[in-house]
Amino acid sequence: MTESSTPQKGFGTFGGVFTPSILTILGVIMYLRFGWVVGNVGLMGTFMIVTLSTSITLLTGLSISSIATDQRVRTGGAYYMISRSLGIEAGGAVGIPLYIAQALSVALYTIGFAESVVRVFPNLDEKIVALITTSLVTILAIKSAKTAIKTQYVIMAAIGVSLLSLIFGSPLEPSTLPAVSSQAESVGFWVVFAVFFPAVTGIMAGVNMSGDLANPSKSIPIGTLAAIGVGYLIYMVIPIILTARATPDQLINDPLIMRKISFWGDAIIMGVWGATLSSALGSILGAPRVLQAIARDGVIPKFLSFLGQGHGEDDEPRMGTAFTFALAIITVLLADLDMIAPILTMFFLTTYGVLNITAALEGFLGNPSFRPNFKVHWMFSLAGAVGCTLVMFLINPMATAAAIAIVIVIYFWLERQELRSAWGDVRSGIWFNLTRTGLLRLRSNVDAKNWRPHLLVLSGAPTKRWYLIQFASSLSHNRGLLTVSTVLGGPNITSSRIEKMTQGIYDYMDKQGVQALVRIAKSNDPYGGAASLVDMYGLGTLAPNTVVLGASEDTERVKEYCAMVSRFHAAKRNSIIIRFNESKGFGAHKNIDVWWGGLKGNGALMLILSWLLGTSLEWRGATVTIKMVVPTDQASEGALNNLEEVLLASRTGAHMEVIVSNGKSFPQILQESSSSADLVFLGMAAPTKDFDKYYPTLLEKTANLPTTVYVLAGEDLEFGEVIT
């Protein structure tokens with residue numbers, strides 16, 4: 001990504017990314033639990049745990065570096081990266097829990113600091129110390145992020161002094177050995193791994209400062225990977241010192257063993273305080289910036305939009321910091337974090353996992369827009385995602401399940417809000433790749449076993465002929481593709497107008513709960529344009545196989561209309577012509593009559609369509625009656641047997657009725673038998689040169705019926721094999 005040549009204000013790599021990251025990595029686990037780790041699994045076991053843990057963090061760091069060098073990462077860090085790649089819903093689903101975790105982490109670290117202070121000064125009140133510490137770090141963050149970063153340099157110096165004191169220390173003398181049990185039971189490798197792993201998950205501290213960096217695409221990769229590397233070296237050296245100066249029992253039983261084997265023991269206390277304060281400071285700096293980005297994107301409720309405000313030249317989130325402070329103070333006052341602490345760790349790991357998934361998807365899909373300067377093969381990012389998931393379950397399966405459930409709930413809640421972003425995301429690339437793969441695998445002709453309706457509705461203005469879309473949607477739900485189309489003519493039909501009308505139709509259908517594609521074509525001849533659209537529209541085997549249109553009763557243009565239907569049939573498309581009864585509509589959606597002329601031709605297709613209709617929400621529970629006319633009573637018995645055999649094989653649950661004509665004409669029987677139906681299916685004759693004479697006669701014979709569907713099978717398929 002090309003950066004502007006204009007000098008930019010903001011932090012550099014060392015102060016903005018490396019310092020907060022390394023200070024969070026070298027935290028309280030290193031001082032208070034690392035001896036326990038070494039004592040339980042030994043030197044080689046510790047090397048394995050450190051290497052495995054750091055490998056997962058390194059893979060995540062590589063993924064972050066790849067994303068950061070592809071896009072300008074602004075305020076919001078991980079939330080910004082995820083939302084701009086996986087969409088605003090995924091970004092919010094991860095970003096909201098991430099913010100909460102960081103806000104509550106302020107309380108976690110200040111309470112930890114207070115506990116260590118009270119151990120040194122027993123007369124102090126732990127809660128008061130925690131409240132004062134939380135207030136001070138917040139004031140420091142509100143005053144200036146620059147001042148806070150400078151304070152972290154002092155803390156880093158204190159941690160450096162403590163590490164030097166440890167290096168130049170000496171083993172415990174026999175006379176000073178504490179009385180410890182030699183029968184301490186060691187715990188398993190994965191239990192120890194779960195305890196240690198949070199020690200290396202501090203890389204978000206630097207990433208969260210993304211909006212305050214002068215050059216994020218440079219600073220985030222260098223600072224993050226450098227912090228991971230330095231942290232790894234330190235965590236590989238300390239076990240050597242510990243095993244050389246103390247026994248496993250001493251390491252397991254004494255949390256402050258480092259203080260006793262250091263050159264200057266109090267330097268370790270300084271390190272513990274520095275680690276907790278730096279982590280608290282990193283959280284109070286990072287959390288409000290995530291909140292600021294979330295608020296500006298409209299992810300949180302509107303009444304909280306003020307949290308997106310920034311102040312001063314550096315756009316510091318003072319309102320967000322005050323809000324985070326209030327949340328941290330409430331948590332300090334409650335001071336019962338044992339239950340939520342594991343879930344907080346899960347939220348951080350969930351963020352790492354989703355970042356890995358983001359980079360893996362971007363790399364795998366190969367979108368031309370994804371051109372990172374720091375290239376990472378998608379397999380490494382995928383391995384990082386798998387590693388994060390496994391570690392989450394190793395640490396705490398219940399907390400993992402809780403964290404995942406919360407993320408899923410937030411995702412679907414945001415999806416229901418129908419948030420619209422001004423940026424594209426990787427989801428389009430996912431669907432494109434899936435569609436491309438599917439189309440290439442569907443190159444062969446569709447067989448009867450896998451037939452499904454792909455409907456093209458010639459609706460005109462959807463609001464005026466909504467019944468066409470309503471009917472087609474009931475047929476295609478979850479089984480086929482539906483396209484709503486119209487043909488427009490005239491000199492004012494520009495591309496921009498077509499685009500605007502297309503979006504308008506999409507919006508209208510979304511409100512009606514109809515899922516469909518939209519296609520608007522230009523032609524001065526509506527009938528010829530519709531026929532051309534049917535000929536040309538579609539992709540591979542997903543071209544529409546069935547055309548849905550309204551019945552035309554315009555006697556002046558009947559030839560053009562019939563010529564259009566004939567072209568549909570010649571193009572091997574099925575035609576469904578709906579003659580809508582304006583006064584009755586679709587009635588009570590309870591009774592469907594299908595007039596049977598045999599399994600071949602239109603009969604099987606009408607049986608399929610009536611069954612599909614009966615499985616939709618609107619028509620569910622409707623009674624489908626297959627009606628057949630025979631000339632005599634003698635013919636009725638054979639017709640009943642044949643029809644019963646077909647219906648049993650079809651497994652549609654349709655009823656049957658055989659009617660003896662007794663000299664009555666079919667139109668007369670039709671009017672008498674189907675007058676109380678809600679919908680009537682009738683087959684049409686295949687078009688011939690006299691089709692324009694046949695069609696008006698058909699309309700005349702079926703006048704005054706309820707809403708009637710004329711069906712003409714044109715597809716090169718044996719529909720009898722579909723239904724039996």
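FYI, it's all coordinate maths here, none of it is from the lab. These numbers come from a predicted model, not from an experiment. Reconstructed Cβ throughout: ideal geometry from the backbone, glycine too, with neighbour counts over all protein chains shown.
Restricting region 474-582 to trypsin sites (Lys or Arg not before Pro) that sit in a DSSP loop and have at most 16 other Cβ atoms within 10 Å of their own Cβ leaves Arg479, Lys572. In this structure, the residue pairs whose Cα-Cα separation is over 26 Å, taken from Lys464/Lys584; Lys522/Lys572; Lys590/Lys693; Lys146/Lys218, are Lys590/Lys693. Taking the charge dipole of region 1-152 about its Cα centre, with +1 at Lys and Arg Cβ atoms and -1 at Asp and Glu Cβ atoms, the residue from Ile96, Asn40, Val50 reaching farthest to the positive side is Ile96. Estimated purely from DSSP H runs of n ≥ 4, each contributing -39500 (n - 2.57), the mean residue ellipticity at 222 nm for the chain is -19000 deg cm²/dmol once divided by its residues. Relative contact order for the chain: 16 percent, from Cα pairs under 8 Å spaced at least 6 residues apart, divided by residue count. The shape of region 21-149 comes out oblate: with a ≥ b ≥ c from the C-alpha gyration tensor, a/c is at least 1.5 while a/b does not beat b/c. Take every Cα pair under 8 Å whose residues are at least 6 apart in sequence, average their separation, divide by the length of region 448-723, and the relative contact order is 22 percent. In degrees between 0 and 90, to the nearest 10, how far off the longest principal axis of the chain does helix 126-143 point, with axes built from Cα atoms? The angle comes out at about 70 degrees. For region 31-150, the relative contact order is 11 percent, taking Cα pairs closer than 8 Å that sit 6 or more residues apart in sequence and dividing their mean separation by the residue count. Under 5 Å from the amide H of Phe374 lie the amide H atoms of Thr69, each residue being 5 or more positions distant or on a separate chain, with H modelled from the backbone and absent for Pro and chain starts.
Placing unit charges on the Cβ atoms of the charged side chains and taking the dipole of region 448-723 about its Cα centre, the candidate lying farthest along the positive direction among Ser496, Val709, Asn591 is Ser496. Each Lys and Arg Cβ is given +1 and each Asp and Glu Cβ -1; about its Cα centre, region 448-723 then shows a dipole of about 680 debye. Using +1 at the C-beta of Lys and Arg and -1 at the C-beta of Asp and Glu, which of Gly621, Tyr467, Val484 has the Cα lying farthest in the positive direction of the dipole of region 448-723? Farthest towards the positive pole: Val484. Restricting the trypsin sites (Lys or Arg not before Pro) of region 606-655 to loop positions (DSSP other than H, G, I, E, B) with no more than 10 neighbouring Cβ atoms within 10 Å leaves Arg651.
Computed from Cα positions, the angle between helix 397-416 and the longest principal axis of the chain comes to roughly 50 degrees. Shown here for region 615-702: GluC sites (Glu not before Pro) in loop regions (DSSP other than H, G, I, E, B) with at most 16 other Cβ atoms within 10 Å, namely Glu618.
The long axis of helix 266-296 is offset from the longest Cα principal axis of the chain by roughly 30 degrees. Just checking my list (i) 60, 28, 25; (ii) 72, 27, 22; (iii) 42, 34, 24 against semi-axes √(5λ) of the Cα gyration tensor in Å computed from this structure; which label fits? Working out semi-axes √(5λ) of the Cα gyration tensor in Å from the coordinates points to (ii).
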